[in-house]
Amino acid sequence: MELSTIKDAFDRVTKKQKLSSSKSQEVIDQIRQEIESALGKMQSVNNTDHELGYKTVLNELKASLLKIAPLSQMESSQKELNLALSKYGKLLEKYFNPDISKAYRNIDTDIHTLNQIIANHFYRQGLFDIGDHFLSVVGEPESAVIMKSPFLEMYQILQAMQNQNLEPALNWAATNSDKLAQSGSDIVLKLHSMQFVKILQKGSKDEALHYVRTYLSPFASTHLADIQKLMACLLWIGKLDQSPYHALLSPSNWDRLSEELKRQFCNLLGQSYNSPLSVTVAAGVQVLPPLLKFMNVMTGKKQEWQSMNQLPVPVELDHEFQYHSIFVCPVSKEQATEDNPPMLMSCGHVLCKQSILKMSKNSTKLFKCPYCPFDIDAALCRQLYF
């Protein structure tokens, strides 16, 4: 919401600047035309009375300029521009220079875990020297070898792929083929397909056929359409760039394959594709503005903020930051929490625990489900775990 407000203010400033510039150019053009007209008249003045003629032309020019009144014409648009700029500056100061410490909460942090998260971020980005130095500075150098070893292998494979060398990637895929199959990944097929295209580019038909029989035929039962497409490429061997399948030669295919390998590599390590630290920072950037706005309203009540168990205001996060299901009680309209979990009733409908307790008078009587005619016994309700 704040970015939208800033963009609207910026658009207003831009519009005022364009109007002011256009008006200034218009006035300058008017002045130029009057001066050029005066010069033309001076050149045609009768040679017998230069002084009188020049004086008359200059007086006419002065009168014309006074009539144009350039300062008056530009004053209005410039005043509007200055006002918009002033408001925009205050808006930027409001949103980009906040005291973010107001949203800080004192919480117990496991420093060792935090150090591991930071170091992991450096290693998964390929910043091995920085990761080593960080762990050395925080006094945990012994963790470096264990943490960076798998990522060293990953970046060696990715570096080879940048040079269009698929051998390390194929060896890794062969070693982990069972695990990749269990996770539903088809990266093994993609790697072999890319290698097949490389062979086609060399123009070796026999080698290409041998590669299909050896490495691609096992996928025919599950990926028949893909295998048929690759087999059709044999008709264009040596001139694949002129074929209907020329998209297979796009450099972007290598980029996508590298990203897919990185994703599957992290998956086999039991880690997320995105760094937990980068996800946390990105989500924090989204939630910080509403929290700061809340704290500005709650000025002088920081102690209450420190003792809260839940966020005091609704915070909307983008879809990529939503990792867990959220349940909102249809009766109380409140979001489920650890203290107020979702409960499955015997009829199959779900309410939050506090709503059930309230409707059953603390489990002392039966109550009707608000969605169906079933009589519900609170004692038979079971907690749901998302």
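May I ask you to verify whether I107 is among the aliphatic types (A, V, I, L, M), open to solvent by 50 Å² or more (accessible area, probe 1.4 Å) and not in a helix (DSSP H, G or I)?
yes
Restricting to the range 263-281, name every residue that is open to solvent by 40 Å² or more (accessible area, probe 1.4 Å) and not in a loop (DSSP other than H, G, I, E, B).
R263, N267, L268, P276, L277, S278, T280, V281
Being under 28 Å from the mean Cα position of the chain (by Cα) and open to solvent by 30 Å² or more (accessible area, probe 1.4 Å) is the filter here, so list the residues in the range 178-197 that pass it.
S183, G184, D186, K190
Which one is nearest to H192 (Cα to Cα), of the residues in the range 154-177 that are in contact (Cβ under 8 Å) with a residue 40 or more places away in the chain and either surrounded by 13 or more Cβ atoms within 10 Å (Cβ to Cβ) or of a type in the set (D, E, K, R) (or both)?
Restricting to residues being in contact (Cβ under 8 Å) with a residue 40 or more places away in the chain and either surrounded by 13 or more Cβ atoms within 10 Å (Cβ to Cβ) or of a type in the set (D, E, K, R) (or both), the top hit is A169.
For the range 124-147, what are the residues that are under 16 Å from N267 (Cα atoms) and surrounded by 16 or more Cβ atoms within 10 Å (Cβ to Cβ)?
Residues satisfying the conditions are R124, M147.
Condition first: modelled with pLDDT of 80 or more, assigned to a helix (DSSP H, G or I), open to solvent by less than 50 Å² (accessible area, probe 1.4 Å) and farther than 30 Å from Q17 by Cβ. Can you find one or more residues in the range 74-93 that meet it?
Checked the range 74-93: no residue is modelled with pLDDT of 80 or more, assigned to a helix (DSSP H, G or I), open to solvent by less than 50 Å² (accessible area, probe 1.4 Å) and farther than 30 Å from Q17 by Cβ.
Among all residue pairs at least 6 apart or on different chains, which show Cβ distances below 7 Å where the first residue, located in the range 230-244, is open to solvent by 90 Å² or more (accessible area, probe 1.4 Å) and the second is part of a helix (DSSP H, G or I) and of a type outside the set (F, W, Y)?
Cβ pairs passing all conditions: D241/L249.
Could you list, in sequence order, all residues of the range 133-149 that are over 13 Å from I117 (Cα atoms) and in a helix (DSSP H, G or I)?
Within the range 133-149, H133, S136, V137, V145, I146, S149 meet the criteria.
Residue-wise test of (1) among the charged types (D, E, K, R); (2) farther than 30 Å from F96 by Cα; (3) surrounded by fewer than 14 Cβ atoms within 10 Å (Cβ to Cβ); (4) modelled with pLDDT of 85 or more.
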site: I6; (1), (2), (3), (4): no, no, no, no
site: V27; (1), (2), (3), (4): no, yes, no, yes
site: E34; (1), (2), (3), (4): yes, yes, no, yes
site: T48; (1), (2), (3), (4): no, yes, yes, no
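The values are calculated or read from the model by the stated rules, or taken from the named source; none is laboratory data. Keep in mind that this is a model prediction, so the values were computed, not measured. Here the Cβ is made from the backbone with ideal geometry for all residues, glycine too, and neighbour counts use every protein chain on show. Side chains are part of the model used for accessible areas, which takes the heavy atoms of the whole protein and leaves out ligands, DNA and RNA. Shrake-Rupley method; radii C 1.70, N 1.55, O 1.52, S 1.80 Å.
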